[in-house]
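Only one structure is covered here, and it is reproduced in the block below.
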Amino acid sequence: MTKKKDVWDIDLPQIKFNRESTKQQAQKYRMGNVKLALGRGRTREEFEKDRKRILELRLP
Amino acid sequence: MDHFDAEEAETLEKIAKLYNYEKGLMIYAEELADESFIPAINEIKDAFDHLMRVFSVKFGLRERDSNYVNDNLDATFRHLYRATFDLLDFIRFLQKERIYESVKDFSRETLVKVFPEYYNTIVPEIESAMQKIPRYKSEKDIGNPNLESVKGYVEIIEGTKTHFAKINERMPSLVDYENRMKREEQQKEMKQYAIYGIIAIVAAAIGAIISYLIMTPS
């Protein structure tokens, strides 16, 4: 018989955020963070793109 | 409830101090981006989870040894530490972008004349923030996790924050000087066009006279 893993020691899943699907299904997210429910979140992947762009900006 | 021993209490104090920095950065990042930064939220969620594992033992909900408590307190600190560095990294890029957006339409001459501090202080400090604050990719990128380094990096961010106020303060003078420069430039161009026009008319008249003289039989 397999021993059931203690729920305390199970890691929580990471928040997977998709701007478009969040906006389309806003009703489902209305209990959580307001900004996220409005699709206003920045993922690591999006930031990586921003970071390359901003790194190339030369301040006047 | 089991009390925290001295070592555990010390880690908890570090966690509370670090959370103070992290929370301030998170609020500021949301103000700048008008968006929530998901990686930092994930780290805080994990930090909270590890802290609750500690409380589950301390409140007698289950039995674990002191190593388990210390490991989870350390994990709480590490997740908050990573959230803090993710936010520092995110903010320094946003700050650079915001400053770029604020001044990109002004000529170099306007910035030098009206706002010398921009080149003397602001640009070097922004560039230095881009160099000094490390990215958190693994433990070795950050070295020994400590609150002093976090404090130093937060001060860099705070320093740049004050530059926004200075730029906003100078904005009317910058716009005024830039407009005056453009007007003077336009007037100069108009004068030049007028001179070219006069030269063209005079040249045409001389040409007409010469051809009249050549064509007219003597």
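The values are calculated or read from the model by the stated rules, or taken from the named source; none is laboratory data. If you're wondering where the values come from, they're calculated on a predicted model, not measured in any experiment. Here the Cβ is made from the backbone with ideal geometry for all residues, glycine too, and neighbour counts use every protein chain on show. Please note that ligands, DNA and RNA were not included when accessible areas were found on the heavy atoms of the full protein model with its side chains. Shrake-Rupley method; radii C 1.70, N 1.55, O 1.52, S 1.80 Å.
Suppose the filter is assigned to a loop (DSSP other than H, G, I, E, B) and either out of contact with any His (no Cβ under 7 Å at 6 or more places or on another chain) or of a type outside the set (A, V, I, L, M) (or both); does B:Arg170 pass it? Please lay out each step first, then the result.
Working: assigned to a loop (DSSP other than H, G, I, E, B): no; either out of contact with any His (no Cβ under 7 Å at 6 or more places or on another chain) or of a type outside the set (A, V, I, L, M) (or both): yes.
No.
Restricting region B:32-42 to residues that are in a helix (DSSP H, G or I) and open to solvent by 20 Å² or more (accessible area, probe 1.4 Å), the residue that is nearest to the other protein chains (Cβ to nearest Cβ) is B:Ile41.
Considering each of B:Phe85, B:Phe90 in turn, give the residue that is in a helix (DSSP H, G or I), touching a residue at least 12 places away in the same chain (Cβ under 8 Å), open to solvent by less than 30 Å² (accessible area, probe 1.4 Å) and more than 10 Å from every other protein chain (Cβ to nearest Cβ).
Numbers: B:Phe90 fails: more than 10 Å from every other protein chain (Cβ to nearest Cβ).
B:Phe85 is the lone residue from the list that is in a helix (DSSP H, G or I), touching a residue at least 12 places away in the same chain (Cβ under 8 Å), open to solvent by less than 30 Å² (accessible area, probe 1.4 Å) and more than 10 Å from every other protein chain (Cβ to nearest Cβ).
Take the residues in region B:104-132 that are open to solvent by less than 10 Å² (accessible area, probe 1.4 Å) and part of a helix (DSSP H, G or I); name whichever of them is farthest from the other protein chains (Cβ to nearest Cβ). My answer is B:Ala129. Restricting region B:158-182 to residues that are modelled with pLDDT under 90 and out of contact with any helix residue (DSSP H, G or I) (no Cβ under 9 Å at 6 or more places or on another chain), which is nearest to B:Thr110 (Cα to Cα)? Result: B:Lys182. Against the criterion of being open to solvent by 50 Å² or more (accessible area, probe 1.4 Å), at pLDDT 90 or above and either of a type in the set (Phe, Trp, Tyr) or in a helix (DSSP H, G or I) (or both), B:Val202 qualifies. If the condition is being part of a helix (DSSP H, G or I) and open to solvent by less than 60 Å² (accessible area, probe 1.4 Å), then region B:58-82 contributes B:Lys58, B:Tyr68, B:Val69, B:Asn70, B:Asn72, B:Leu73, B:Ala75, B:Thr76, B:Phe77, B:His79, B:Leu80, B:Tyr81.
Modelled with pLDDT of 95 or more, within 10 Å of chain A (Cβ to nearest Cβ) and more than 22 Å from A:Ile54 (Cβ to Cβ): which single residue out of B:Tyr21, B:Tyr68 fits that description? Before you say what the answer is, go through the steps one by one.
Numbers: B:Tyr21 fails: within 10 Å of chain A (Cβ to nearest Cβ).
When all the criteria are applied, what remains is B:Tyr68.
Can you report the number of residues in region B:11-40 which are without any contact (Cβ under 8 Å) to a residue 24 or more places away in the chain and either under 22 Å from B:Lys161 (Cβ atoms) or basic (Lys, Arg) (or both)? Lay out the reasoning, then the answer.
The initial filter retains those residues of region B:11-40 that are without any contact (Cβ under 8 Å) to a residue 24 or more places away in the chain, namely B:13, B:16, B:20, B:23, B:27, B:30-31, B:34-36, B:38.
The next check asks that each one be either under 22 Å from B:Lys161 (Cβ atoms) or basic (Lys, Arg) (or both); those that pass are B:20, B:23, B:27, B:30-31, B:34-36.
The total comes to 8.
Here B:Glu101 fulfils each of the conditions (1) open to solvent by 10 Å² or more (accessible area, probe 1.4 Å); (2) in contact (Cβ under 8 Å) with a residue 24 or more places away in the chain apart from (2).
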